[in-house]
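Asks: First the structure, which I've put down as structure tokens, then a few questions once you've had a look.
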Amino acid sequence: MSTSDTPLALVGYPPAAALALRELGLTALSVAAAAPDEVVQACKVLGFGGALVAPAHQAAWLGAVSPDPEARRAGRVDAVTFGGVTPQGTFAYADALSDALSSSDYAARGAALLVLGQQAGDLSLAAPLTRLGFSQIALAAHSASEAEKVLRDLPVGPRYFPVSRRDGAVQALAERSDLVVLTAGELPARLLQPYHTLLDLTGQARAGGTGATVLDLEHLGAHHLIRQLSHATGQRLLPPEVAGAARALRGGAG
């Protein structure tokens with residue numbers, strides 16, 4: 001059976017997503033989202049090649065597969081391959097975020113980055129961005145110790161500042177930052193300035209009136225799907241090819 005003939009399982013995605021993926025030459029079928037261990041075993045028996053997992057089910061699927069380092073750091077799985085003896089899971093979103101920023105006009109090299117979240121897993125969403133050449137990286141979580149958990153997975157080179165979101169140093173670090181990435185929680189009041197660029201992964205931040213530039217995430221979905229399909233099927237596609245399918249997955253993911 002060729003890769004395109006091998007079924008791809010969709011966990012928590014709507015029927016429209018399956019149709020959109022079939023237009024890419026993939027045989028995509030919706031499967032149950034509950035009881036991940038049982039679904040994984042059924043997919044292996046039925047000859048599925050891989051699976052894409054919607055956000056609402058990614059944490060539950062972590063324990064049903066063998067997660068790679070990205071999945072372990074994030075505490076969730078969004079793509080699975082059944083090709084080996086043990087199903088292998090990854091969290092493709094993090095690297096897709098890096099792909100999207102790299103393909104934009106934003107100049108990361110030498111700039112300063114501030115990542116705001118609540119837990120270490122939130123901050124890990126932005127971990128691949130630290131490989132793009134930022135000179136200074138501040139990590140703010142609900143506690144400094146939570147922010148420090150992320151440091152062991154980050155590259156040597158940049159200066160790191162792990163702090164609590166309640167620490168007054170956050171405002172000072174923000175004033176020295178160029179890119180602000182919000183991965184969870186609320187954006188602190190009066191933090192954004194006109195010279196900032198905001199990358200909001202929550203979809204809830206309000207930058208109006210601050211003068212800050214909001215980075216367009218329009219192509220993030222396409223980069224994410226490319227990474228997911230690469231892991232689950234071995235296929236490497238381009239953003240224009242998957243744009244329609246990415247919108248279908250993003251629009252109805254449960």
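The values are calculated or read from the model by the stated rules, or taken from the named source; none is laboratory data. The structure presented is a predicted model; accordingly, all values stated were derived computationally and were not measured. For neighbour counting, all protein chains shown are included, and Cβ atoms are generated from backbone atoms with ideal geometry for every residue, glycine included.
Asks: Do you know which of the residues in the range 55-93 that are among the aliphatic types (A, V, I, L, M) and buried (at least 22 other Cβ atoms within 10 Å of the Cβ) is nearest to Leu229 (Cα to Cα)?
Replies: Filtering first and then ranking leaves Ala79.
Asks: For the range 109-144: of the residues being of a type outside the set (A, V, I, L, M) and assigned to a helix (DSSP H, G or I), which is surrounded by the fewest Cβ atoms within 10 Å (Cβ to Cβ)?
Replies: Arg131
Asks: A further question follows. Given the criteria buried (at least 18 other Cβ atoms within 10 Å of the Cβ) and over 20 Å from the mean Cα position of the chain (by Cα), does Thr6 qualify?
Replies: In short, yes.
Asks: Another question, if that's okay. Tell me, which strands (runs of 3 or more DSSP E) lie completely within the range 157-209 with 2 or more residues that are surrounded by 17 or more Cβ atoms within 10 Å (Cβ to Cβ) and in contact (Cβ under 8 Å) with a residue 60 or more places away in the chain?
Replies: 179-182, 197-200
Asks: Looking only at the range 240-254, count how many residues are over 14 Å from Leu21 (Cβ atoms) and either in contact (Cβ under 8 Å) with a residue 40 or more places away in the chain or β-branched (Val, Ile, Thr) (or both).
Replies: Number of matching residues: 1.
Asks: A further question follows. Please specify each residue of the range 9-29 satisfying the condition of being of a type outside the set (A, V, I, L, M) and surrounded by 21 or more Cβ atoms within 10 Å (Cβ to Cβ).
Replies: Within the range 9-29, Gly12, Tyr13 meet the criteria.
Asks: Let me ask something else about it. Of all the residues that make up the range 70-88, how many are more than 15 Å from Ala127 (Cα to Cα), part of a loop (DSSP other than H, G, I, E, B) and either more than 11 Å from the chain's Cα centre (by Cα) or of a type in the set (Ser, Thr, Tyr) (or both)?
Replies: Selection size over the range 70-88: 6.
Asks: When you go through (1) modelled with pLDDT under 95; (2) within 30 Å of Ser135 (Cα to Cα) one by one for Gly110, which number turns out not to apply?
Replies: Of everything listed in (1) modelled with pLDDT under 95; (2) within 30 Å of Ser135 (Cα to Cα), Gly110 misses just condition (1).
Asks: Further, regarding this structure: Quick one: count up the residues across the range 30-54 that are free of Cβ contacts under 8 Å to residues at least 24 places away in the same chain and either outside the structural domain of Gln88 (by TED's automatic domain parsing) or surrounded by fewer than 17 Cβ atoms within 10 Å (Cβ to Cβ) (or both).
Replies: Qualifying residue count, the range 30-54: 8.
Asks: Still on this structure: Give the residue that is farthest from Leu198 (Cα to Cα), with candidates limited to residues of the range 219-253 that are out of contact with any helix residue (DSSP H, G or I) (no Cβ under 9 Å at 6 or more places or on another chain) and not polar (S, T, N, Q).
Replies: Applying the filter and picking the extreme gives Ala232.
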